[in-house]
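Structure, as structure tokens:
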Amino acid sequence: MRTKKEKIMDRPVWKSIFRTGKVDSNYKRALLIFNNLFLHFLPVKVRKESMRFSATLYLGFIASILFFLLVGTGVLLMLYYRPAIPAAYYDMKNLAYVVTSGKFFRNMHRWAAHAMVAIVFLHMLRVFFAGAYKPPKQFNWVIGVCLFLLTLLLSYTGYLLPWDQLAYWAVTVGTNIVGYTPVVGRDLQYLLLGANEISSNTLIRFYVLHIVILPGALFTLLGVHIWRIRKDGGITPLLHRFSREPTSGTLPEDREN
């Protein structure tokens with residue numbers, strides 16, 4: 001009779017996350033090494049049809065480019081920004097009217113953030129209508145959802161940093177909504193604000209979230225997401241959505257990986 005652990009390891013969700021399965025042979029030990037993120041990030045082979053524009057629309061690639069563009073422009077903006085009251089507001093004014101090319105880089109950062117939210121949303125729609133969330137890609141779909149949520153949180157936490165009226169009331173409405181979460185709402189609201197109302201503590205917390213915690217989490221999950229796409233055999237073409245036979249776009253030698 002199988003143990004409880006063996007039953008859990010035999011479930012589709014477990015297999016989607018841990019593709020090697022139970023390591024009980026030299027072959028499985030080799031697969032465990034082949035499935036290592038840091039050792040095997042790039043695949044040996046990729047199907048040609050999975051790399052065409054009609055299959056991918058290049059939405060994931062565009063979203064990645066926008067993320068690194070946001071990192072680059074964000075670092076430049078950090079050189080002229082102080083997360084303090086009222087210095088934050090005056091620093092934003094200086095970026096717009098005093099710093100050379102400051103307004104250009106701030107607008108680039110802002111519009112790239114808006115574009116990234118739209119592109120990631122369209123990317124999720126493409127994945128959904130292509131059926132690329134089906135086995136064995138359920139785990140990667142969950143990672144994709146987490147990446148979308150992190151993208152929204154990054155956009156939201158950046159709202160407060162200019163410390164203007166739009167920022168103040170946007171954060172007020174958002175944190176009040178969080179406060180109505182059952183059981184833990186008030187605790188979460190206090191954790192975000194750092195006080196009972198928006199203050200300098202709130203600005204510091206949103207600043208740290210925006211430049212350290214959320215980008216770090218997104219970068220880590222993005223690496224796992226891309227690696228999982230490679231190991232799952234590339235991208236499911238959109239045309240296979242209407243096929244009766246399920247397809248994962250995998251190569252024969254990749255199906256065990």
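Tabulated values for the structure
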read-out: Scope segment 111-145; condition without any contact (Cβ under 8 Å) to a residue 24 or more places away in the chain, farther than 25 Å from K15 by Cβ and not aromatic (F, W, Y); matching residues; value: A118, L125
read-out: Cβ pairs under 7 Å, 6+ apart, first in segment 187-205 and over 11 Å from L160 (Cα atoms), second assigned to a helix (DSSP H, G or I) and of a type in the set (G, A, S); value: Q189/G179
read-out: Residues of segment 123-161 satisfying the condition of being surrounded by 15 or more Cβ atoms within 10 Å (Cβ to Cβ) and closer than 16 Å to L57 by Cα; value: H123, M124, R126, V127, A130, G131, A132
read-out: Checking A88 against (1) surrounded by 14 or more Cβ atoms within 10 Å (Cβ to Cβ); (2) more than 17 Å from the chain's Cα centre (by Cα); (3) not in a helix (DSSP H, G or I), the condition it does not meet; value: (3)
read-out: Filter pass, A113 being surrounded by 19 or more Cβ atoms within 10 Å (Cβ to Cβ) and out of contact with any Pro (no Cβ under 8 Å at 6 or more places or on another chain); value: yes
read-out: Segment 92-109, subset free of Cβ contacts under 8 Å to residues at least 12 places away in the same chain and either assigned to a helix (DSSP H, G or I) or aromatic (F, W, Y) (or both), residue farthest from L222 (Cα to Cα); value: Y97
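Residue-by-condition table, conditions (1) at pLDDT below 75; (2) among the aromatic types (F, W, Y):
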| position | (1), (2) |
| --- | --- |
| T20 | yes, no |
| N36 | yes, no |
| P43 | yes, no |
| V46 | yes, no |
| G60 | no, no |
| L66 | no, no |
| Y80 | no, yes |
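The values are calculated or read from the model by the stated rules, or taken from the named source; none is laboratory data. For clarity, every value in this text was computed on a predicted model and none was experimentally measured. In this analysis, Cβ positions are derived from the backbone assuming ideal geometry, glycine residues included, and neighbour counts consider all displayed protein chains.
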